[in-house]
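*Asks:* Encoded as structure tokens, here's the structure I'll be asking about.
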Amino acid sequence: MTEQPIYRHLRAYADHLRPELPMSPHVEISNGQILLTMSPAGAHGLNAKRVTTQLDHQLQDGLIAYMADIEHPGAAKLRRPDVVVVDEDAMDVPGAVDATAVRLAVEIVSPSNPENDYEGKLRDYPVMGIPHYLIIDPRDGTAHHHWKIATEDGPGRYSAHVPYVFGDKITVGDWVIDTGELRRYPESK
């Protein structure tokens, strides 16, 4: 069985896993698996909100910064970035947004599963055609901008990467994100 029929089966099943309760898990599909992720809390959500607010002041008409499920059935992927910049018209759908309408995906690294952002989504987003991917890591106060999709060695990967530290201003596509406004995670008690 190829990846697309498996994806269609998992996608139909995933629609039944979405209870409409606060703090219910978000469903993602990657590499033939369903992944359940919890809603962001505390500093994670604050950082996502601050990035969204910064982007809102810079976006051209017709673009929106928001958290949304994004889907690329051809790549057999369903993901939920913490922030996306997407064509506003693409949001006018009953389900997930078409990933090809996404201009930027931003992930705020979670302390419990950083490999999802640094490995899984770093692998999936270029395959989904997302031109810019920004990883913000409040664990150590760093950020990583990935862009320039290359396909000569397989299904797609980012061939350009620049690391940053909190305090830097990052130019991502047409936008600037001031990481000096972001917060590191507080020490665990």
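The values are calculated or read from the model by the stated rules, or taken from the named source; none is laboratory data. The structure displayed is predicted, hence computed values, not measured ones. Cβ: placed from backbone, ideal geometry, glycine included. Neighbour counts: every protein chain shown. Surface areas here come from the heavy atoms of the whole protein model, side chains and all, with no ligands, DNA or RNA. Shrake-Rupley method; radii C 1.70, N 1.55, O 1.52, S 1.80 Å.
Results for (1) part of a loop (DSSP other than H, G, I, E, B); (2) within 17 Å of Q54 (Cα to Cα), shown as yes or no for each residue.
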{"residue": "I135", "(1), (2)": "no, yes"}
{"residue": "A143", "(1), (2)": "no, yes"}
{"residue": "K148", "(1), (2)": "no, no"}
{"residue": "V162", "(1), (2)": "no, no"}
{"residue": "G180", "(1), (2)": "no, yes"}
{"residue": "P186", "(1), (2)": "yes, no"}
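*Asks:* Let me ask another. Of all residues in the stretch 18-30 being over 19 Å from M91 (Cα atoms) and surrounded by 13 or more Cβ atoms within 10 Å (Cβ to Cβ), which is modelled with the lowest pLDDT?
*Replies:* S24
*Asks:* Identify the single condition in (1) in a helix (DSSP H, G or I); (2) farther than 14 Å from R79 by Cβ that K121 does not satisfy, given that it satisfies every other one.
*Replies:* Checking K121 against (1) in a helix (DSSP H, G or I); (2) farther than 14 Å from R79 by Cβ, the one that fails is (2).
*Asks:* Which of the residues belonging to the stretch 149-166 are among the charged types (D, E, K, R) and either in contact with a Pro (Cβ under 7 Å, 6 or more places away or on another chain) or open to solvent by less than 40 Å² (accessible area, probe 1.4 Å) (or both)?
*Replies:* R157
*Asks:* May I ask you to list the residues in the stretch 161-189 that are more than 24 Å from L63 (Cα to Cα) and of a type in the set (A, V, I, L, M, F, W, C)?
*Replies:* Within the stretch 161-189, V162, V165, F166 qualify.
*Asks:* Can you give me the number of residues within the stretch 48-73 that are open to solvent by less than 50 Å² (accessible area, probe 1.4 Å) and over 28 Å from K169 (Cβ atoms)?
*Replies:* Count: 3.
*Asks:* Can you report the number of residues in the stretch 99-118 which are more than 22 Å from P73 (Cα to Cα) and polar (S, T, N, Q)?
*Replies:* Total meeting the criteria: 3.
*Asks:* Something else: If A43 passes every condition in (1) of a type outside the set (S, T, Y); (2) outside any loop (DSSP other than H, G, I, E, B); (3) at pLDDT 95 or above; (4) surrounded by fewer than 19 Cβ atoms within 10 Å (Cβ to Cβ) but one, which one does it miss?
*Replies:* (3)
*Asks:* Follow-up question, since we're still on this one. For residues that are acidic (D, E) and more than 20 Å from I177 (Cβ to Cβ), scanning just the stretch 97-145, find the one that is least open to solvent (accessible area, probe 1.4 Å).
*Replies:* This residue is D124.
*Asks:* In the stretch 98-118, which residues are touching a residue at least 60 places away in the same chain (Cβ under 8 Å) and part of a helix (DSSP H, G or I)?
*Replies:* Matches in the stretch 98-118: N116 only.
*Asks:* From the set of residues in the stretch 137-189 that are at pLDDT 95 or above and of a type in the set (F, W, Y), which is farthest from A75 (Cα to Cα)?
*Replies:* It comes out as F166.
*Asks:* From the list G154, G95, which one is in a loop (DSSP other than H, G, I, E, B), on the phi > 0 side of the Ramachandran plot and not β-branched (V, I, T)?
*Replies:* G154
*Asks:* Only one of (1) touching a Lys or Arg at 6+ places or on another chain (Cβ under 9 Å); (2) open to solvent by 50 Å² or more (accessible area, probe 1.4 Å); (3) not in a strand (DSSP E or B) is not met by P81, so which one is it?
*Replies:* (2)
*Asks:* Restricting to the stretch 167-184, give me the number of residues that are open to solvent by less than 100 Å² (accessible area, probe 1.4 Å) and within 19 Å of the chain's Cα centre (by Cα).
*Replies:* 10
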